[in-house]
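The values are calculated or read from the model by the stated rules, or taken from the named source; none is laboratory data. If you're wondering where the values come from, they're calculated on a predicted model, not measured in any experiment. Heads up, the Cβs are rebuilt from the backbone with ideal geometry, glycines too, and the neighbour counts pull from every protein chain shown. These accessible areas exclude ligands, DNA and RNA; they are computed on the full protein's heavy atoms, side chains included. Shrake-Rupley method; radii C 1.70, N 1.55, O 1.52, S 1.80 Å.
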Amino acid sequence: ASALAEISVIAKNMENESNIETLIEAKGFAECVAVIKDDSASIVVKSEGLQAAQISQINEIVYEQAGISPVNVKIIQR
């Protein structure tokens, strides 16, 4: 039963990661990779420099899709 619960969490995280990546790319970023682990997320985006509005957009997308608050989101520029 615990293995099934763990598999369910992993599947939900994968779905959330995919949705986050798609929505961030729809906001104009050329590339995005999202990784969710427990109650935190790491978002890697291709950017020459993020503006405050872009950071807010990314945080909002992550919160809406995965319920992860901005203090637990790490945004990495590549």
Under a cut-off of 22 Å between alpha-carbon atoms, report the lysines in cross-link reach of LYS46, not counting same-chain residues fewer than 8 places apart.
LYS27, LYS37, LYS74
Report the net charge of residues surrounding ILE36, where surrounding means a beta-carbon distance below 15 angstrom and charges are Lys +1, Arg +1, Asp -1, Glu -1.
-4
Relative to the longest principal Cα axis of the chain, at what angle does helix 52-66 sit, 0 to 90 degrees, rounded to 10?
20 degrees
To the nearest 10 degrees, how steeply does helix 2-26 sit against the main Cα axis of the chain, on a 0 to 90 scale?
20 degrees
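Over the chain, average the accessible area per residue using a 1.4 Å probe and give it in Å², no decimals. Spell out each step's value before the answer.
Details: 5170 Å² over 78 residues.
Solvent-accessible surface per residue comes out at 66 Å².
Report, to the nearest whole %, how much of the accessible area of the chain belongs to carbon and sulfur atoms, 1.4 Å probe, protein only. Could you put the intermediate results ahead of the total?
Details: 2720 of 5170 Å².
The value for the chain is 53 percent carbon and sulfur by accessible area.
Given the DSSP H assignment, sum -39500 (n - 2.57) over each helix run of at least 4 residues in the chain and divide by its residue total; what's the result at 222 nm in deg cm²/dmol, nearest 500? Mind dumping the intermediate values first?
Details: 2 runs with 40 residues, N = 78.
Counting only the DSSP helices, I get -17500 deg cm²/dmol.
Can you check what the net charge comes to around ILE68, using other residues whose Cβ is under 12 Å from the Cβ of ILE68 (Lys, Arg +1; Asp, Glu -1)? Write down the numbers at each step before the final one.
On the way: positive: LYS37, LYS74; negative: GLU17, ASP38, ASP39, GLU60, GLU64.
Result for the local shell: -3.
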Which entry in (i) 13.2; (ii) 13.5; (iii) 12.7 matches Kirkwood radius over Cα pairs in Å derived from the coordinates of this structure?
(iii)
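Please state the relative contact order of the chain as a whole percent: Cα pairs under 8 Å, 6+ residues apart? Before the final figure, lay out the partial values.
Numbers: 93 pairs, mean separation 22.7, N = 78.
Computed value for the chain: 29 percent relative contact order.
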